[in-house]
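One structure is given below, represented as structure tokens, and several questions about it will come after.
The values are calculated or read from the model by the stated rules, or taken from the named source; none is laboratory data. Values in this document were obtained by computation on a predicted structure and should not be read as measured data. A quick note on method: Cβ atoms are made from the backbone with ideal geometry, for glycine too, and the neighbour counts reach across all protein chains shown.
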Number of protein chains: 2
Amino acid sequence: MEVHDAATAARAGRLHTSRGVIETPVFMPVGTQATVKCMTPAELRELGAQIILGNTYHLMLRPGLEVIRKAGGLHKFNGWDGPILTDSGGYQVFSLAKLRKISADGVEFQSHIDGATLFLGPREAMAAQATLGSDIAMAFDECPPWPCDREYACRSLELTLEWAARCREQSRPGHQLLFGIVQGSVYADLRERAARELSAMDFDGYAIGGVSVGEPRHLMSGQVEMSAPHLPVGKPRYVMGVGTPPQMLEMIARGVDMFDCVLPTRVARNGTIFTARGTYAIKNAQYREDFGPLEEGCECYACRQFTRAYVRHLLWANEILGLRLTTWHNLHMYVNLLRRARQTIVAGGFDEFRREFVAHYQERTEKNETV
Amino acid sequence: MEVHDAATAARAGRLHTSRGVIETPVFMPVGTQATVKCMTPAELRELGAQIILGNTYHLMLRPGLEVIRKAGGLHKFNGWDGPILTDSGGYQVFSLAKLRKISADGVEFQSHIDGATLFLGPREAMAAQATLGSDIAMAFDECPPWPCDREYACRSLELTLEWAARCREQSRPGHQLLFGIVQGSVYADLRERAARELSAMDFDGYAIGGVSVGEPRHLMSGQVEMSAPHLPVGKPRYVMGVGTPPQMLEMIARGVDMFDCVLPTRVARNGTIFTARGTYAIKNAQYREDFGPLEEGCECYACRQFTRAYVRHLLWANEILGLRLTTWHNLHMYVNLLRRARQTIVAGGFDEFRREFVAHYQERTEKNETV
């Protein structure tokens with residue numbers, strides 16, 4: 001880690017990959033199906049994205065790993081030449097697919113698209129991520145739902161740790177980093193045990209999983225606080241599938257470096273606009289003749305070129321350009337918020353920045369959804 | 001007109017507007033609801049678009065003329081600073097709305113969106129286009145359907161000529177050109193009469209309307225041949241809502257300069273790709289592992305950056321980027337086909353270019369639809 005904040009556990013770091021250095025804290029746009037929805041790679045670069053995600057489960061099902069292998073990997077297939085992080089597919093297998101059988105080797109399941117029987121475990125997940133050629137691979141894990149009784153959390157964690165060890169043993173492309181995933185639900189001792197055991201396996205980074213799976217807000221921070229202190233200081237920490245702007249800042253203050261979330265892109269397509277003061281619904285009547293930008297002072301393409309009245313019109317008229325512009329703005333807001341967080345960690349003043357941001361941010365009721 | 005082709009009636013010209021010179025023959029992308037579907041103004045520039053369309057009827061209904069007036073006109077509203085041509089709304093009133101009453105003053109109708117009672121005639125259509133601030137306005141006309149008996153065509157033409165004269169009398173913004181529209185269905189004497197009477201009214205250009213309204217293909221060229229020779233040589237001629245690439249080249253050979261059509265953008269969204277050899281369906285299984293561009297040799301953004309396999313995947317996965325890329329390619333193909341037609345008219349060899357293009361173009365069965 002480059003710099004540690006004086007007042008909080010926040011850190012500014014640099015994560016080296018073969019496709020470039022990622023400056024953390026960082027927000028990673030989600031490219032589930034080999035595309036960040038609505039956006040080209042060039043546009044992602046323009047708004048400052050350093051790294052994007054791909055979802056192994058979705059890509060396995062469509063277009064299929066064989067197509068991506070023949071294309072020369074995911075970067076060649078989708079035209080994004082910066083770093084890519086892939087998940088292991090575990091989260092989607094447990095949340096989207098119809099499960100058949102679970103064993104130490106992995107999970108037999110049925111595709112949610114065509115019902116085909118498939119198998120995914122540590123071996124298959126690592127092979128899939130090798131084929132995708134991602135720069136950061138994730139260990140195969142089980143993400144327990146919330147609420148989750150202690151007995152289930154315990155058994156699930158056994159499996160996750162066993163799978164982590166197996167993933168660690170698989171061969172992978174020379175350039176590929178591998179992150180382990182801390183689970184353990186809301187149980188502090190399980191979280192600590194997971195963090196310690198994974199640390200001993202010496203991964204390149206550590207995710208804190210099972211956050212934002214439906215639990216009340218105060219438990220979210222709690223799960224991070226139970227995990228982060230037991231992870232090695234010199235390695236990046238990633239909270240998967242989170243969150244709102246204030247949630248990310250609070251987790252940065254607790255020592256987290258990396259985030260991904262579909263929230264900014266998903267709600268963009270319903271017309272929800274993220275700003276430093278909170279969100280608003282651009283389709284509301286009050287913006288009908290509002291010729292200001294989506295967010296005053298924002299330098300994204302949508303704000304530089306178009307007005308609220310125009311974007312509102314496009315959304316009501318079901319025009320794709322409307323979805324592009326709201327997506328562009330929201331991603332820009334997220335990516336730049338974390339860039340500013342980094343700047344204040346490096347230059348000093350992060351804690352004040354965080355407090356002021358959170359104080360001025362009007363929470364609304366969007367659901368914090370994950371892929 | 002700058003250059004007349006030796007072997008055909010084709011011409012290369014330059015149409016001066018206050019927002020720039022349009023080199024003809026030209027294809028004009030259609031921006032029905034204040035956006036060319038999927039595209040930003042910058043992208044339209046990049047692919048070579050010189051002028052775009054706006055549809056008065058659609059814009060009247062949504063967002064409403066008052067919003068666009070307050071925005072400072074259609075250019076300010078949608079961010080396209082090149083020339084815009086607007087239609088009069090007549091075509092949509094007769095084809096989309098529920099008609100109430102027709103008189104010499106215009107048409108009372110009900111909005112197809114919310115059923116509101118509205119009125120559009122020569123006076124209102126010109127006032128609307130003045131508010132939009134388009135660079136080229138179209139006279140208010142009735143476009144008769146096909147088939148159309150002679151008596152109806154005759155009565156309809158009377159109304160269209162009366163309305164043309166009334167449009168000519170309306171005041172309009174100093175920079176705005178006004179085109180008259182030749183109707184007369186498939187009747188040669190009516191078409192000739194319309195062309196002569198409109199010519200006598202001295203418009204800035206002339207559209208040939210009522211083409212591609214469901215009539216057999218051989219009648220399409222016929223309607224152009226009945227009209228074009230009776231129009232002044234020094235003014236641009238515009239066939240509205242047409243057509244396929246071979247149809248445009250055939251009409252250029254008959255003296256037409258300007259075209260608009262939703263075909264390339266509409267079928268793009270179903271995965272139909274236009275090439276110099278005809279169209280194909282990118283969603284077909286044969287392109288699953290095809291890592292060539294959408295069209296070999298094409299220099300559009302989609303073809304430079306992405307493969308058929310990737311675009312096919314995006315469309316099957318219902319990803320918006322897929323619609324963007326197919327739209328981009330098809331518009332590039334249309335705009336550049338007419339640019340090449342112009343080059344061959346200027347340099348010589350248009351007739352050979354046209355014959356070879358048409359001979360190699362595989363017709364398929366897409367419907368040639370209009371807005």
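Tally up the residues in segment A:179-217 that are surrounded by 21 or more Cβ atoms within 10 Å (Cβ to Cβ) and either under 17 Å from residue A:122 (Cβ atoms) or among the basic types (Lys, Arg) (or both), please.
12
Now for a different question. Has segment B:41-57 got at least one residue that is in contact (Cβ under 8 Å) with a residue 12 or more places away in the chain, in contact with a Cys (Cβ under 9 Å, 6 or more places away or on another chain), away from chain A (no Cβ under 12 Å) and on the phi < 0 side of the Ramachandran plot?
Yes, segment B:41-57 has at least one match.
Can I ask one more? Consider residue A:256 carefully, then state whether it is at negative phi, buried (at least 24 other Cβ atoms within 10 Å of the Cβ), assigned to a loop (DSSP other than H, G, I, E, B) and at pLDDT 95 or above. Break it down into steps so the answer makes sense when it comes.
On the way: at negative phi: yes; buried (at least 24 other Cβ atoms within 10 Å of the Cβ): yes; assigned to a loop (DSSP other than H, G, I, E, B): yes; at pLDDT 95 or above: yes.
Criteria met by residue A:256.
Separate question: Which number in (1) closer than 20 Å to residue A:302 by Cβ; (2) surrounded by fewer than 23 Cβ atoms within 10 Å (Cβ to Cβ); (3) in contact (Cβ under 8 Å) with a residue 40 or more places away in the chain marks the one condition that residue B:71 misses?
(3)
Residues B:85, B:120, B:65, B:132: which one is within 14 Å of another protein chain (Cβ to nearest Cβ) and either on the phi > 0 side of the Ramachandran plot or surrounded by 21 or more Cβ atoms within 10 Å (Cβ to Cβ) (or both)?
Matching residue, one of B:85, B:120, B:65, B:132: B:132.
Follow-up question, since we're still on this one. Does residue A:32 fit the bill of being hydroxyl-bearing (Ser, Thr, Tyr), away from chain B (no Cβ under 12 Å) and under 18 Å from residue A:111 (Cα atoms)?
Answer is no for this residue.
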